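Worksheet for the structure shown next.
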Amino acid sequence: MSNEWIEVGSINDIPRKGARVVRMPEGDIAVFRTADDRIFALRDKCPHKGGPLSQGIVHDTKVACPLHDWKIQLDTGEAVAPDEGCAATFPVKLEGETIYLSAKPNDGCPNA
Ligand code: FES
């Protein structure tokens, strides 16, 4: 099934190294912007104890969870070792300055 792209605003609405939350019926999705203007989308729920990843700080392509500082990779959703866990990632793309998101998670994260 092809993705259904949902327009979720402009990249300019997101601070560099920050995120904004997109509310979906299946749960919140955090859309991140890196320092070099790439975007990633993760379930806004840390694989440790559910902390809001959208409130973390982005370093390169990882976000530090605001609760206990686990580092989650933005591209795969996986926690950086020695921590273990995975947050679902979502397809996201930029067209010009407009962000499009799909609410259907990518494969690859077993407990998404
Ligand atoms: S809830 Fe994210 S590190 Fe604990």
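Annotations for the structure displayed:
- For segment 10-19, taking the residues that are under 20 Å from Asp69 (Cβ atoms) and outside any loop (DSSP other than H, G, I, E, B), the one that is nearest to the chain's Cα centre (by Cα) is identified as Ala19.
Residue by residue, here is whether (1) over 20 Å from Lys104 (Cβ atoms); (2) over 10 Å from the mean Cα position of the chain (by Cα); (3) hydrophobic (A, V, I, L, M, F, W, C); (4) not in a strand (DSSP E or B) holds:
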{"residue": "Val8", "(1), (2), (3), (4)": "no, yes, yes, no"}
{"residue": "Val21", "(1), (2), (3), (4)": "no, no, yes, no"}
{"residue": "Met24", "(1), (2), (3), (4)": "no, yes, yes, yes"}
{"residue": "Ala30", "(1), (2), (3), (4)": "no, no, yes, no"}
{"residue": "Leu42", "(1), (2), (3), (4)": "no, no, yes, no"}
{"residue": "Ser54", "(1), (2), (3), (4)": "no, no, no, yes"}
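- Of all residues in segment 85-112 being without any contact (Cβ under 8 Å) to a residue 60 or more places away in the chain and in a strand (DSSP E or B), the one that is surrounded by the fewest Cβ atoms within 10 Å (Cβ to Cβ): Glu95
- Out of Ala35, Ala41, sole residue that is touching a Phe, Trp or Tyr at 6+ places or on another chain (Cβ under 7 Å), more than 16 Å from the ligand (Cβ to nearest atom) and among the hydrophobic types (A, V, I, L, M, F, W, C): Ala41
A quick yes/no check of all residues on (1) touching a Leu at 6+ places or on another chain (Cβ under 6 Å); (2) surrounded by 12 or more Cβ atoms within 10 Å (Cβ to Cβ); (3) among the hydroxyl-bearing types (Ser, Thr, Tyr):
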{"site": "Glu4", "(1), (2), (3)": "no, no, no"}
{"site": "Val8", "(1), (2), (3)": "yes, yes, no"}
{"site": "Asn12", "(1), (2), (3)": "no, no, no"}
{"site": "Lys17", "(1), (2), (3)": "no, yes, no"}
{"site": "Arg20", "(1), (2), (3)": "no, yes, no"}
{"site": "Asp28", "(1), (2), (3)": "no, yes, no"}
{"site": "Val31", "(1), (2), (3)": "no, yes, no"}
{"site": "Asp36", "(1), (2), (3)": "no, no, no"}
{"site": "Phe40", "(1), (2), (3)": "yes, yes, no"}
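- If you check Val58, Val80 for being among the aliphatic types (A, V, I, L, M) and in contact (Cβ under 8 Å) with a residue 40 or more places away in the chain, only one passes: Val58.
- Complete set of residues in segment 42-63 that are under 23 Å from Thr98 (Cα atoms), surrounded by fewer than 24 Cβ atoms within 10 Å (Cβ to Cβ) and among the small types (Gly, Ala, Ser): Ser54
- Hey, Ala64 over 11 Å from the mean Cα position of the chain (by Cα) and in contact (Cβ under 8 Å) with a residue 24 or more places away in the chain or not: no
- Among the residues of segment 64-84, those identified as surrounded by 14 or more Cβ atoms within 10 Å (Cβ to Cβ), part of a loop (DSSP other than H, G, I, E, B) and near the ligand (Cβ under 9 Å from one of its atoms) are Cys65, Pro66, Leu67, Trp70, Asp83.
Taken together, the values in this text are just the output of simple stated rules run on the coordinates, not laboratory data. Only a predicted model underlies this, so the values are computations on that prediction, with no experimental measurement involved. So basically every Cβ, Gly included, is an ideal-geometry build from the backbone, and we count neighbours across all protein chains shown.
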